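Note sheet for the following structure.
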């Protein structure tokens, strides 16, 4: 079991990275760059944009807060939380800088400090893989979501071959450095996540795959393989947008409605 203080410390230690090095608008990326999480971010934004507005939206595990100004500019009323105080501070600073209002606070995704049936939309982007199990967070999302409301969840795709290899690689490297090493995140089989959500009285509305991998770790981050990964990754994002190839896509996005 991963203690929450370990997750909190991980994101506190990497908060500046999440603020500065994870996202970059696709139109500003050089041909040799592939900010794969930007594709996840853009798909989530497009799903939210298709929903009725204005709405009350909760961004759980909001990180450095990049999604919050986008939601506010759409006209939504935004609440957000994160387990890391550093992340909360960065999100508040970003909102102040961009001139948007949002209620951002320290919080536990498995014990949400909000009333029942409070939100029209809940977003959990890059969150559920850091939970030890799925029912607590899914149950809390169901509780705070209004009937007919939408939830958007992203997770690492366990069906992705390169992700299986990356997970094994990181585990072996971690064990070589420290025999007590344990990974702090998990992968999900999209089919099982969908079934579990439906068992909790969510209805699947939309699915999407992204973050395509052509070069296995650790080579994907080393020149010249990183350039090859960038070109092929972005090409696959384009060609597989409407006809996804799950075994090459590291991220799965699920949108459901509460029945």
In this structure, is residue 143 under 20 Å from the mean Cα position of the chain (by Cα) and not in a strand (DSSP E or B)? no
Evaluation of residue 187 against (1) surrounded by 18 or more Cβ atoms within 10 Å (Cβ to Cβ); (2) over 30 Å from residue 120 (Cα atoms) (one fails), failing number: (2)
Picking from 223, 227, the residue that is on the phi < 0 side of the Ramachandran plot and part of a helix (DSSP H, G or I) would be 227
Suppose we keep only residues that are in contact with a helix residue (DSSP H, G or I) (Cβ under 7 Å, 6 or more places away or on another chain) and assigned to a loop (DSSP other than H, G, I, E, B) within region 102-114. Which one would you say is surrounded by the most Cβ atoms within 10 Å (Cβ to Cβ)? 102
Would you check which residues across region 147-167 are farther than 13 Å from residue 246 by Cα, in contact with a helix residue (DSSP H, G or I) (Cβ under 9 Å, 6 or more places away or on another chain) and not in a strand (DSSP E or B) and list them? 166
Condition first: part of a strand (DSSP E or B) and within 18 Å of the chain's Cα centre (by Cα). Now tell me which residues in region 182-203 satisfy that. 188
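Read the figures in this text as sums done on the coordinates, not as results from a lab. In this text, all values refer to a predicted model and were calculated from it rather than measured experimentally. Here Cβ is always computed from backbone atoms with ideal geometry, including for glycine, and neighbour counts include all displayed protein chains.
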